[in-house]
Amino acid sequence: MKLKIAVRILGHKPPDLDTAVLTKWHSDLWEIHENKIDTFPLNGDCDLDYWGYSDAGLQSKAQAVAAADFTLYILNVPLEANYYFRRIKKNVGCISLFEVADVLRTHSIPIENLVLRMLYNSTMIHLRKGCLPPIGELAALAHHETKGCIFDMAGIKTDIVFSCHRPILCDTCRAAASADQVSKETIEVFAKEIKGIKKRLYYRAADWVKQKPLLALFASAIFALLLGIAGSLIASYAYEKIQTKAPNQALEPTTMAVTPAASHPSRQP
């Protein structure tokens, strides 16, 4: 049975956050509650020195959706301790795009990838613990080493890029999930689905060109050659078709019949 996750935006919505990507995402493990993402105002000023919002300050603003298994809010402001994700209260978490969004943009990674990462991260936590546990326990479920795993701590925010493009579920996290009675089949489905979190095709192609410039140059030369051959064949085929439709017989010469002039009576001298 799929988990129902309510996703909401609290405050300003970044113009490059495509919520349609999230609502159209197919998963066998979770679904977005009511298949929509609503936006709510972030009323009130910050209550931390660095223009951030504390857990206590957000509790009245980030309300749980009763019909969902848990609720995630997307914000564009700093959270307490400058985390990019915090559990505010039971089954309510907040994802902060502050600083992280700029890091992702620099690496041509869609912001939606971070949200998808946290959706899967929270889903696995809920499968293991039956809820979103307090922030201290959440931190214990992550590992400090950056592996490109969905449970990377990413204490240095620039490390977030490694788990927002083709993330993995590392062996340690697989074993931990299994120890918490998550079935092998569920773990395999989870690992397969998170591979779909990746850059858009254009940027993946650009990355490939950067990584293998000589091979890319060779491939482009071969492509240009094949394109020229294809163009020549198409032109020849079109020419033959035109020739086939053209008249295959020359115009016959036209004979003009001359009618003898009528006889006239000779004039008398």
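The values are calculated or read from the model by the stated rules, or taken from the named source; none is laboratory data. Quick caveat, the model's predicted, so the values are computed rather than measured. Cβ sites come from the backbone with ideal geometry, for glycine too, and all protein chains shown count toward neighbours.
Based on this model, can you work out whether Asn113 counts as over 23 Å from Lys198 (Cα atoms), in the same structural domain as Cys46 (by TED's automatic domain parsing), of a type in the set (S, T, N, Q) and crowded, with 19+ Cβ neighbours inside 10 Å?
no
With the requirement that a residue be under 14 Å from Tyr84 (Cβ atoms) and small (Gly, Ala, Ser), what does region 109-155 give you?
Scanning region 109-155 gives Ser122, Ala139, Ala142, Ala154, Gly155.
Taking region 118-146 as the region of interest, how many residues are of a type outside the set (A, V, I, L, M, F, W, C), under 23 Å from Glu185 (Cβ atoms) and under 25 Å from the mean Cα position of the chain (by Cα)?
5
I'd like the full set of residues that are out of contact with any Asp or Glu (no Cβ under 6 Å at 6 or more places or on another chain) and among the acidic types (Asp, Glu), limited to region 69-111.
Asp69, Glu99, Asp102
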